[in-house]
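What follows is a set of notes on a single structure, which appears directly below.
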Amino acid sequence: LYATENNMASGDGLIGIYAAADGYPRIGEFASGGIGPHDLVLMPDGRSLAVANGGLRTHPDTGRETLNTDDMSPNLAVIDLAAGQLRSVFELARNLRRLSIRHLAVRGDGLLAFGCQHEGDSENLPPLLGTLSPGGKISLLEVPEDALARLHNYVGSVGFDDSGTWLTATSPRGGAALIWNLRRGALAASLMLPDVCGVAASGPESFLLSSGNAGLKMAMADGSMTAAGGLGWIWENHTLSLDLGR
């Protein structure tokens, strides 16, 4: 098990290594390649991790207060697991340094999607969604301003559908979920759901959305949404699709 962690003394990000088969003792660590690692995903090659280093330095003594807002340096890092060493680092343009890269999803061909949270002026509407190609090119998705405003500068989760054509981003602060058609390069649907955050593929053109106070919903790429059960539960922020056949 690999977990994102922080060295409180230095402020550097770490990836902790835990032995799942032995009761999860911590058996090692390596550098995350940045500050404030938040999310990580195993890449399709099975040999590397992608890490979202949010660039935010915090400390338990000050709660969630950001200690380096004026000197943020978010990045996407790719780490070789066998060596525990940084393979490559990708940064956003300097004028987007206050976009904390937080959440990741990876497609079968290695396309990496990321969602950000803006730590600057709330009246600004910077792009919050992007992709990193297997070749190392960062592309920011152009979202219409009215739809972007519904996210309240905060992306809580991102996820691909099973076909890899559709990408969903959620915002619990805005109570909104956006569905993007990557093949056409255009926003396909904008859904409103209070406290929506978790997203996972539930088939081609289909997503499972979880809300802290509205239960589970099944959302389709055409913008339709239906209840999916679980209304008696309060759902946490994130969901994953698991292949139980492995």
* Asked: Which percent of the accessible heavy-atom area of the chain goes to carbon and sulfur, probe 1.4 angstrom?
  -> 49 percent
* By how many nm would the segment from Ile138 to Gln85 grow when fully extended, if each residue of separation counts as 0.36 nm and the alpha-carbon distance is taken off? -> 16.9 nm
* Structure fact -> Plugging the Cβ-Cβ distance of Asn95 and Ser122 into 1/(1 + (r/R0)^6) at R0 = 30 Å yields, to the nearest 0.05, a FRET efficiency of 0.95
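Kindly rank 165-175, 31-41, 197-207 from highest to lowest mean number of other beta carbons found within 10 Å of each residue. Show your work: numbers first, answer last.
Numbers: 165-175: 23.7, 31-41: 21.9, 197-207: 20.4.
In decreasing order of mean packing, 165-175, 31-41, 197-207 become 165-175, 31-41, 197-207.
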* To do: Compute the semi-axes of the equivalent ellipsoid of the stretch 1-142, taking the square root of 5 times each eigenvalue of the Cα gyration tensor, and list them largest first in whole Å.
  => 24, 21, 11
* Asked: Rounded to the nearest 0.05, what FRET efficiency is calculated for Ala228 and Met192 with R0 set to 22 Å and r the Cβ-Cβ distance?
  -> 0.85
* **Square roots of 5 times each gyration tensor eigenvalue, C-alpha, the stretch 125-246, largest first, Å** => 22, 18, 13
* Rolling a 1.4 angstrom probe over the protein heavy atoms, how many square angstrom per residue are accessible across the chain? -> 49 Å²
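To the nearest 500 deg cm²/dmol, what mean residue ellipticity at 222 nm is calculated for the chain from DSSP H runs of n ≥ 4 alone, each contributing -39,500 (n - 2.57), summed and divided by the residues? Don't skip to the end; give the middle numbers.
Numbers: 1 runs with 5 residues, N = 246.
Value at 222 nm, helices only, nearest 500: -500 deg cm²/dmol.
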* Asked: How big is the accessible area of Tyr2 in square angstrom, nearest 10, if you roll a 1.4 angstrom probe over the protein chains?
  -> 80 Å²
* To do: Take the Cα atoms of the chain, find their three principal axes, and give me the spread along each one in whole Å, biggest first.
  => 47, 46, 39
* Sum of side-chain charges, Leu14 neighbourhood, beta-carbon under 11 Å (Lys, Arg +1; Asp, Glu -1) -> -2
* To do: Kindly state, as a whole number, the per residue volume in cubic angstrom of the convex hull around the alpha carbon atoms of the stretch 63-168.
  => 138 Å³
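The values are calculated or read from the model by the stated rules, or taken from the named source; none is laboratory data. Just so it is clear, the model here is predicted, and its values are computed rather than measured. Virtual Cβ from ideal backbone geometry, glycine too; neighbours counted across all protein chains shown. These area figures cover heavy atoms from the full protein model, side chains too; ligands, DNA and RNA do not enter into them. Shrake-Rupley method; radii C 1.70, N 1.55, O 1.52, S 1.80 Å.
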